[in-house]
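The values are calculated or read from the model by the stated rules, or taken from the named source; none is laboratory data. Worth saying up front: this structure is predicted, and the values here are computed from it rather than measured. As a convention, Cβ positions derive from the backbone with ideal geometry for all residues, glycine included, and neighbour counts pool all protein chains shown. In case anyone asks, the SASA skips ligands and DNA or RNA and just uses the protein heavy atoms, side chains included. Shrake-Rupley method; radii C 1.70, N 1.55, O 1.52, S 1.80 Å.
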Amino acid sequence: MRCIRQLFFWALVISAGRLFSQNALQIPPVLSGGQIQLNLQTGSVQFFNGQPTATMGVNGNILGPSLILHKGDFVQMHVQNNLDDTTTIHWHGMHVSAENDGGPHTPIAPGTTWEPGFTILDKAATYWYHPHLHKHTDAHVSKGIAGMIIVRDDEEGALNLPRTYGMDEFPLVIQTKDFDADNQIVVHSNNDDVVMVNATLDPYLDVPAQVVRFHVLNGSSQRTFNLGLNDNQTFYQIASDGGLLSEPLPLTRLLLAPGERAELLIDFTGQEGQDHYLMSYASELQNGIYGASSAGMMPMMNLDGYNPNPLNGTDFNILQFHVVAPTANPVTAIPASLVQVTPIPESQANVTRTLTFSPASPGPNQLNGKFLINGQSMDLDVINYTVHLNDTEIWELRNMSAISHPFHIHDVQFYILDRNGVPPPASEQGRKDVVLVRPMETVRFITRFEDFADDAVPYMYHCHLLTHEDDGMMGQFVVKGPDAVHPDAASTPVTVFPNPSSGDFMVRTGGLDVRSSVVFDQLGRQVACTIHPVNGGLQVTIPRPGAYYLKLFSPAQTVIRKLIVQRPF
Ligand code: C2O
Ligand code: CU
Ligand code: CU
């Protein structure tokens with residue numbers, strides 16, 4: 001807690017507005033391409049006068065580069081752990097095999113390198129990477145390991161959107177942290193009273209006088225932001241966690257819970273010379289959300305260390321915008337529409353699961369205890385659910401506790417069906433992988449488990465309040481099923497012969513407009529093989545025996561066929 005600094009800081013804000021913002025927003029560098037090298041390292045940052053702050057970062061002192069990746073590309077990651085601690089790196093929101101997912105079962109020991117490789121199957125949107133070691137996620141994230149992943153695809157590329165990183169497109173990693181009297185980051189703290197964006201304190205950003213795009217991540221351990229511009233100016237949400245929306249959504253507020261992302265457009269056209277602020281209107285947060293005046297739904301429910309904190313239940317500035325001259329080829333209009341969003345109809349679900357969140361010690365002091373899912377705490381040796389490949393499931397999340405939990409599931413994106421029986425607001429009608437479940441609320445989502453069957457390595461689901469996650473508010477599921485057949489496959493004329501073969505397959509694509517194709521092994525790793533277009537289809541040659549999946553991408557659908565190679569040739 002830094003009460004004295006905060007008092008001084010607020011005095012400045014009140015007396016002299018402009019003085020609030022004093023540091024140019026840092027923009028993380030970009031890494032792109034087929035080989036990505038991420039070095040996890042310790043560092044130090046001079047945040048305050050006096051002692052520097054010990055930090056952790058990726059290829060630098062704090063945070064990590066933004067990865068800009070393209071759907072359909074194969075990416076080989078090299079994650080080198082130069083920390084003194086074991087950790088993991090998880091690709092939050094991305095659809096990768098369990099083995100490549102970077103959950104608690106794939107630890108990276110100090111001095112070693114983890115090398116997952118995978119094809120980007122995700123839609124254009126904003127994802128992120130962060131550590132996920134069981135019980136230590138908060139320590140590694142709070143000290144600074146986190147980075148943004150921006151996925152682009154052809155659909156996104158066809159839209160007239162700003163996409164010049166650092167010019168008219170910016171990442172905003174918004175976090176709050178607690179520092180002790182020696183300027184060191186306090187882990188598992190409920191007194192996060194310092195706001196930073198891209199690890200910059202009191203930041204300002206020069207933005208061109210045109211439409212500017214922001215990839216916004218709430219990378220905080222616990223705090224929810226109620227984003228808005230000063231004077232209630234309108235901004236436009238264009239993407240939720242895992243995809244673009246059907247059209248830009250005009251908003252004056254957007255709730256962003258830990259782990260959630262949104263892409264926003266702000267139109268600064270004709271505003272050169274003006275200043276604006278991105279704020280959190282936390283005074284409007286209902287109690288029972290971390291960030292409101294009371295973290296519990298009843299004001300008498302105390303969370304140790306939570307109050308006093310000048311950020312709780314008070315409106316505060318996050319980032320100042322100085323509007324400067326436009327760039328050479330500015331985007332000057334908000335597009336009328338974006339992409340087609342096709343939620344999964346509820347009627348397609350063949351499994352429903354109910355997950356009940358409850359406090360381990362009920363009663364008014366419950367906020368200081370652990371939280372459970374279906375009465376259980378995380379056990380790395382227990383698989384809580386077995387999901388069958390290609391099943392469509394409804395997950396019903398029932399929060400029987402007094403605080404909101406941002407629930408996150410790995411592997412898939414989902415569509416929220418309803419909150420207490422009512423369809424979600426428009427900002428939540430796109431693809432999501434985190435949903436904030438309020439006290440005594442029931443949220444249902446629907447999702448489909450495609451592609452990555454693995455009997456051994458589970459995926460996680462958990463609360464994204466990192467204190468709750470570390471304290472066991474997490475569970476795990478495996479996806480089972482040897483035969484990966486896309487539900488759409490029956491209606492397509494794709495045939496393979498001979499199958500099994502000794503390595504050579506003729507694939508008849510029967511009019512399917514195949515734009516790209518890829519072969520995976522059973523663990524979801526891309527396999528080196530040759531694929532030649534021939535008359536009426538593809539000739540696929542796989543050099544090693546085994547069971548594989550051929551995945552054909554067309555604009556309308558993705559078709560998967562299992563290929564068996566019987567012996568070397
Ligand atoms: Cu962002 Cu399981 O994590
Ligand atoms: Cu995740
Ligand atoms: Cu929680």
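One residue is enough: does the stretch 141-150 have a residue meeting the conditions in a loop (DSSP other than H, G, I, E, B) and surrounded by fewer than 20 Cβ atoms within 10 Å (Cβ to Cβ)?
Scanning the stretch 141-150, I find no residue that is in a loop (DSSP other than H, G, I, E, B) and surrounded by fewer than 20 Cβ atoms within 10 Å (Cβ to Cβ), so the answer is no.
Is one or more of the residues making up the stretch 478-492 open to solvent by 20 Å² or more (accessible area, probe 1.4 Å), away from ligand 1 (no atom under 16 Å from the Cβ) and without any contact (Cβ under 8 Å) to a residue 40 or more places away in the chain?
Yes.
Considering each of F407, F449 in turn, give the residue that is within 16 Å of ligand 2 (Cβ to nearest atom) and without any contact (Cβ under 8 Å) to a residue 60 or more places away in the chain.
Testing whether each residue is within 16 Å of ligand 2 (Cβ to nearest atom) and without any contact (Cβ under 8 Å) to a residue 60 or more places away in the chain leaves just F407.
Would you point out which residue out of V96, V79 is within 16 Å of ligand 2 (Cβ to nearest atom), touching a strand residue (DSSP E or B) at 6+ places or on another chain (Cβ under 8 Å), over 17 Å from Y127 (Cα atoms) and aliphatic (A, V, I, L, M)? If you could, list the steps in order and put the result at the bottom.
Details: V96 fails: over 17 Å from Y127 (Cα atoms).
Answer to the selection: V79.
S293 is checked against (1) open to solvent by 30 Å² or more (accessible area, probe 1.4 Å); (2) out of contact with any Pro (no Cβ under 9 Å at 6 or more places or on another chain); (3) closer than 17 Å to Q222 by Cα; (4) small (G, A, S) and fails just one. What number does that condition carry?
So the condition that S293 fails would be (2).
Keeping to the stretch 36-66, report how many residues are small (G, A, S), in a strand (DSSP E or B) and touching a residue at least 24 places away in the same chain (Cβ under 8 Å).
Counting residues in the stretch 36-66 that are small (G, A, S), in a strand (DSSP E or B) and touching a residue at least 24 places away in the same chain (Cβ under 8 Å) gives 4.
Got a sec? Which strands (runs of 3 or more DSSP E) wholly within the stretch 335-434 have at least 1 residues that are in contact with a helix residue (DSSP H, G or I) (Cβ under 7 Å, 6 or more places away or on another chain) and under 30 Å from L523 (Cα atoms)?
392-399, 415-419
Within the stretch 487-499, restricting attention to residues that are modelled with pLDDT under 85, closer than 17 Å to I564 by Cα and in a loop (DSSP other than H, G, I, E, B), which residue is nearest to the chain's Cα centre (by Cα)?
Residue satisfying both the conditions and the ranking: V494.
Among the listed residues S66, S32, which satisfies the condition of being among the hydroxyl-bearing types (S, T, Y), farther than 25 Å from H408 by Cβ and away from ligand 2 (no atom under 16 Å from the Cβ)?
Just one listed residue meets the conditions, S32.
I'd like the residue in the stretch 403-461 that is within 16 Å of ligand 3 (Cβ to nearest atom) and polar (S, T, N, Q) and, out of all such residues, is surrounded by the most Cβ atoms within 10 Å (Cβ to Cβ). Before you say what the answer is, go through the steps one by one.
Kept after step one, since they are within 16 Å of ligand 3 (Cβ to nearest atom), are these residues of the stretch 403-461: 403-409, 433-443, 460-461.
Now narrow it down to the ones that are polar (S, T, N, Q): 404, 442.
Details: S404: 28, T442: 17.
Once the filter is applied, the top-ranked residue is S404.
Between H105, H90, which is within 16 Å of ligand 2 (Cβ to nearest atom) and either surrounded by fewer than 20 Cβ atoms within 10 Å (Cβ to Cβ) or at pLDDT below 95 (or both)?
On the way: H90 fails: either surrounded by fewer than 20 Cβ atoms within 10 Å (Cβ to Cβ) or at pLDDT below 95 (or both).
It is H105.
Give the residue, chosen from D178, D231, that is of a type outside the set (K, R) and at pLDDT below 95.
D231
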